[in-house]
Amino acid sequence: MNALVTGGSGFIGSALVRALIYRDDYNVCNVDKLTYASDPLSLESVQRSEKYEFHKIDICEQHSLETLFHKFKPQVVFHFGCAESHVDRSI
């Protein structure tokens with residue numbers, strides 16, 4: 001199954017990416033803008049996996065995202081690309 005994860009380099013997103021990669025039935029595409037909320041080092045353990053790919057894309061860039069969807073053909077999308085909303089500052 002092809003899974004696309006937005007914000008996959010963040011705290012929660014990277015945990016999901018690692019969990020999916022270690023399963024036999026998932027290929028994972030991580031889409032992340034790599035802002036202050038990202039930590040690419042959290043995915044060191046899966047970066048060389050044939051089942052993992054990374055794309056530095058802002059999810060607001062519609063054309064780039066559409067192109068990726070057509071190429072990768074995800075069956076499921078996990079959306080964790082929400083750190084830019086600064087929810088933590090509103091609490």
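Some notes on this structure:
- Those residues of the range 44-58 which are open to solvent by less than 60 Å² (accessible area, probe 1.4 Å) and touching a strand residue (DSSP E or B) at 6+ places or on another chain (Cβ under 7 Å), in sequence order: Val46, Lys51, Tyr52, Glu53, His55, Ile57
- For the range 11-42, the set of residues classified as open to solvent by 10 Å² or more (accessible area, probe 1.4 Å) and of a type in the set (Gly, Ala, Ser) consists of Ala15, Ala19, Ala37, Ser38, Ser42, listed by residue number.
- Counting only strands (runs of 3 or more DSSP E) wholly contained in the chain, the ones carrying 2 or more residues that are in contact with an Asp or Glu (Cβ under 9 Å, 6 or more places away or on another chain), at pLDDT 95 or above and not aliphatic (A, V, I, L, M) occupy 27-32, 52-56.
- Across the range 20-36, the number of residues qualifying as among the aromatic types (Phe, Trp, Tyr) and farther than 13 Å from Phe78 by Cβ comes to 2.
The values are calculated or read from the model by the stated rules, or taken from the named source; none is laboratory data. Values in this document were obtained by computation on a predicted structure and should not be read as measured data. Quick reminder, even Gly has a Cβ in these numbers, built from the backbone with ideal geometry, and neighbours come from all protein chains shown. Note: accessible area is taken over every heavy atom of the protein model, side chains too, but ligands, DNA and RNA are not part of it. Shrake-Rupley method; radii C 1.70, N 1.55, O 1.52, S 1.80 Å.
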